[in-house]
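A.B. asks: I'd like to ask some things about the structure below.
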Amino acid sequence: MRALVAETVLTPNDFIAPLFVDEGNGVAHEIASMPGYYRYSTDLLVKEVKELWRLGVKSVLLFIKCKDELKDNTGAEAWNPDGLMQRSIKAVKDAVPEMLVMTDVALDPYSSYGHDGIVENGEIVNDATVEALVKMSISHAQAGADFVAPSDMMDGRILAIREGLETNGFTKTGIMSYSAKYASCLYGPFRDALDSAPGFGDKKTYQMDYANRTEAIKETLMDVEEGADIVMVKPATLYMDIIREVKNAVNVPVSAYHVSGEYAMIKAAAKMGWLNEEKAVLETLTSIKRAGADLIATYFAKDAAKLLS
């Protein structure tokens, strides 16, 4: 009876699996602050994607770890046609053509400063960064990405990326915008995974104040007007009120990012025996969907798909 009248039903179709990619061959580096999660070389990335597809997960979101010697203040490696991201996209699409490939669009993995934008006189400059993000998005589309996912929070970048994609013939490439991305303390393990922590200051000049709610709706509506196909709220569990308000305000799919710190908290509590990990995972993800998320980017995608099978 409970199943028959359940208002919210979680399935593997709801998940986006974030995946970290590194150079090399046969490489699987476990991320210390994310137990059980790895940074893969492209050969093992393909193996992981095939397993996700077998379990019913239909979408992956790719992030790469850029070599230090390739980082600078322009982010030029981000649109290198032979770069790690571009090679990773091609490898996944060759191996599992039907897998929906989304790509991170931001400069922090490529920045010598670890920021999401180009730095001038100690400040992150918006317009020059947007120009770089457009080049990056076009490069990802050329490699075969189905969606680009700008996570930088620069103003006006959705319109610029949409115009750049359209002008270059990529009319079918979607945009999943990080529309309400908060300056949260919960991103630490992710920055460990990609070695992308800011070299100075913080990201509060371009990520949102967690005290604000109305601003999230304003930012999201602007992104929809500029051409976003999917909008995102990040993080998820501490921001379920924002997920619900965004869902009520827009007519496009809403995604939520269940971030690395949220993953790590469940893992740590389970390790201490303070909660049941499997039950906590399913309750958390179901609650995020109940709040209004149509899609959930989560590091538990693979585990949850197994539990739901």
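A.B. asks: In Å³ and rounded to a whole number, note down the convex hull volume per residue for the Cα atoms of the chain.
C.D. replies: Output value, Cα hull per residue: 132 Å³.
A.B. asks: Kindly provide log₁₀ I(q)/I(0) values, in the same order as q = 0.16 Å⁻¹, from the Debye equation applied to equal alpha-carbon scatterers of the stretch 1-153.
C.D. replies: Reported log10 I(q)/I(0), two decimals: -0.88.
A.B. asks: Separate question: Sort 3-15, 248-260 by packing, meaning the average of other beta carbons within 10 Å per residue, with the highest value first.
C.D. replies: With the highest mean Cβ count within 10 Å placed first, the list reads 248-260, 3-15.
A.B. asks: Whole number in Å², please: accessible area per residue of the stretch 19-88, 1.4 Å probe, ligands, DNA and RNA not counted.
C.D. replies: Using a 1.4 Å probe on heavy atoms only, each residue of the stretch 19-88 averages 43 Å².
A.B. asks: Relative contact order for the chain: what is it in percent, counting Cα pairs under 8 Å that are at least 6 residues apart?
C.D. replies: 19
A.B. asks: Here is a follow-up. Farthest toward the dipole's positive end in the stretch 146-248, which of T173, I158, I230, given Cβ charges of +1 (Lys, Arg) and -1 (Asp, Glu) about the Cα centre?
C.D. replies: I230
A.B. asks: Something else now. What does the charge count near A106 come to, summing +1 for each Lys or Arg and -1 for each Asp or Glu among other residues with Cβ under 11 Å from its Cβ?
C.D. replies: On the way: positive: R157, K181, K203; negative: D104, D108, D116, D152.
Net charge in that neighbourhood comes out at -1.
A.B. asks: While we're looking at this one, here's another question. Taking just the C-alpha trace of the stretch 198-274, give me its Rg and Dmax in Å.
C.D. replies: So, for the stretch 198-274, Rg and Dmax equal 15.0, 47 Å respectively.
A.B. asks: Shifting gears a bit: With +1 on each Lys and Arg Cβ and -1 on each Asp and Glu Cβ, how big is the dipole of the stretch 138-249 about its Cα centre, in debye rounded to the nearest 20?
C.D. replies: Dipole magnitude for the stretch 138-249 comes out near 220 debye.
A.B. asks: Considering only the other residues whose Cβ falls under 12 Å of the Cβ of H140, what net charge follows from Lys and Arg at +1 and Asp and Glu at -1? Intermediate values should be presented prior to the final figure.
C.D. replies: Working: positive: R87, K90, K93, K135; negative: D104, D146.
Net charge around H140: +2.
A.B. asks: Something else now. Which value, in debye to the nearest 20, gives the size of the charge dipole of the stretch 19-80 about its Cα centre, when Lys and Arg are +1 and Asp and Glu are -1 at the Cβ? Could the numbers behind the result be given before it?
C.D. replies: Numbers: 8 positive and 10 negative charges, 74 e Å.
Dipole about the Cα centre, nearest 20: 360 debye.
A.B. asks: Semi-axes of the stretch 105-245's equivalent ellipsoid from the Cα gyration tensor, sqrt of 5 times each eigenvalue, largest first, rounded to whole Å?
C.D. replies: For the stretch 105-245, the semi-axes come out at 22, 20, 14 Å.
A.B. asks: Which one, K58, K181, K271, has the greatest fluctuation when you compute a Gaussian network model over the chain with C-alpha springs under 10 angstrom?
C.D. replies: K271
A.B. asks: Now for a different question. Given the chain, what percent of its DSSP beta bridges are antiparallel, to the nearest 5? Present the calculation step by step, with values, prior to reporting the outcome.
C.D. replies: On the way: 6 of 40 bridges.
Of the beta bridges lying entirely in the chain, close to 15 percent run antiparallel.
A.B. asks: Taking the Cα centre as origin and putting +1 on Lys and Arg beta-carbons and -1 on Asp and Glu beta-carbons, what dipole magnitude results for the chain, to the nearest 20 debye?
C.D. replies: That gives a dipole near 1120 debye.
A.B. asks: With each run of n ≥ 4 DSSP H residues scored as -39500 (n - 2.57), what mean residue ellipticity at 222 nm is computed for the chain after dividing by its residue count and rounding to the nearest 500 deg cm²/dmol? Before the final figure, lay out each step's value.
C.D. replies: On the way: 10 runs with 119 residues, N = 309.
Value at 222 nm, helices only, nearest 500: -12000 deg cm²/dmol.
A.B. asks: Around N168, what is the net charge, scoring Lys/Arg as +1 and Asp/Glu as -1 over all other residues with Cβ under 15 Å from its Cβ?
C.D. replies: Working: positive: K135, R162, K172; negative: E131, E163, E166.
Its environment carries a net charge of 0.
A.B. asks: Using C-alpha positions alone, give me the convex hull volume of the stretch 52-120 per residue in cubic angstrom.
C.D. replies: 84
The values are calculated or read from the model by the stated rules, or taken from the named source; none is laboratory data. The structure displayed is predicted, hence computed values, not measured ones. Reconstructed Cβ throughout: ideal geometry from the backbone, glycine too, with neighbour counts over all protein chains shown. Side chains included, ligands, DNA and RNA excluded: accessible areas come from the protein's heavy atoms. Shrake-Rupley method; radii C 1.70, N 1.55, O 1.52, S 1.80 Å.
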